[in-house]
Amino acid sequence: MNDSSLLSRHGKVLVWDLPVRVFHWLLAASFAGAWLTAEHERWRLLHVTLGCTVLALVVLRIAWGLFGTRHARFGDFVRGPGTALRYLGGLVRGKPQHYLGHNPAGGIAIVALLALGVSAAATGLATYTLGDAYEHVHEVLANVMLALVGVHVAAVVVSSWLHRENLVTAMFSGRKRGAPAEGIARPWRGLGIALLVAVLGFWGWQLSHPADGLGAIATPEGRHGHGGDNDD
């Protein structure tokens, strides 16, 4: 009996806790916003705010990957390259093995995205505090991350079609088809709501107080070696 037949016998179980889902969509929104505002001086404070959000989110996700719920932990989805290649081989043949959490190839992509998120955000912050020496590296890392996001989105679409399961919807609801014993017991709603409120509060405070906090480095006058930058 194949994976599809087995899964059809089960209902949906909770796989992704709320902190994972909130992190996922906040990271997507923060990176998209930061990338879109990168070349516009008038949106510099928003760009820096979103970039710092990416950095903080990734650090929190790494912590949750070590101490969080079952399918959020790195130990659940980080596997060797051989396992990832076998999964991709099955994907090409139209018969991929089903994983309740992240599949092996997706696990590698997630680790790469986290690494790129930290690196891109850190080099961006260094550009504003230490000088232009980090700017080119920051741009390259951001563009590589954008390319990987594109591959990730394409893989989600293909996997959703082959598994006959909407993975985008699953990242909203937190539920996928699987055996009851494979699900997680708690959604950790309080922690997820706290994360959302903290990020939205940070955005609201920072953007309503442009002279404080990140505004000290995001304005042309506050940048090291950038005192004469002109607005777009």
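The values are calculated or read from the model by the stated rules, or taken from the named source; none is laboratory data. Keep in mind that this is a model prediction, so the values were computed, not measured. FYI the Cβ positions are ideal-geometry reconstructions off the backbone, even for glycines, and counts take in every protein chain you see. Surface areas here come from the heavy atoms of the whole protein model, side chains and all, with no ligands, DNA or RNA. Shrake-Rupley method; radii C 1.70, N 1.55, O 1.52, S 1.80 Å.
So which helices (runs of 4 or more DSSP H) are wholly in region 126-218 and hold at least 2 residues that are within 22 Å of the chain's Cα centre (by Cα)? Spell out the reasoning first.
Values: elements: 135-163, 167-173, 189-208, 215-218.
Of the helices (runs of 4 or more DSSP H) lying wholly inside region 126-218, those with at least 2 residues that are within 22 Å of the chain's Cα centre (by Cα) span 135-163, 167-173, 189-208.
Within region 106-129, identify whether any single residue is open to solvent by 30 Å² or more (accessible area, probe 1.4 Å) and in contact with a Pro (Cβ under 8 Å, 6 or more places away or on another chain), and answer yes or no.
yes
Could you tell me how many of the residues in region 149-192 are farther than 12 Å from TRP16 by Cα and of a type in the set (Ser, Thr, Tyr)?
Of the residues in region 149-192, 2 are farther than 12 Å from TRP16 by Cα and of a type in the set (Ser, Thr, Tyr).
Among the residues of region 137-186, what is the count of those that are touching a residue at least 24 places away in the same chain (Cβ under 8 Å), open to solvent by 70 Å² or more (accessible area, probe 1.4 Å) and in contact with a Phe, Trp or Tyr (Cβ under 9 Å, 6 or more places away or on another chain)?
Counting residues in region 137-186 that are touching a residue at least 24 places away in the same chain (Cβ under 8 Å), open to solvent by 70 Å² or more (accessible area, probe 1.4 Å) and in contact with a Phe, Trp or Tyr (Cβ under 9 Å, 6 or more places away or on another chain) gives 2.
Which of the residues spanning region 1-45 are assigned to a loop (DSSP other than H, G, I, E, B), charged (D, E, K, R) and modelled with pLDDT of 90 or more?
ASP17
Do we have LEU91 as modelled with pLDDT of 90 or more and either open to solvent by 30 Å² or more (accessible area, probe 1.4 Å) or acidic (Asp, Glu) (or both) here?
Considered against the rule, which asks whether it is modelled with pLDDT of 90 or more and either open to solvent by 30 Å² or more (accessible area, probe 1.4 Å) or acidic (Asp, Glu) (or both), LEU91 comes out as no.
Quick one: how many residues across region 187-210 are open to solvent by 60 Å² or more (accessible area, probe 1.4 Å) and modelled with pLDDT under 95?
Adding up the residues that qualify gives 5.
Given the conditions (1) crowded, with 21+ Cβ neighbours inside 10 Å; (2) farther than 26 Å from ILE217 by Cα; (3) of a type in the set (Val, Ile, Thr), which single one is not true for VAL13?
(1) is the only condition that VAL13 fails.
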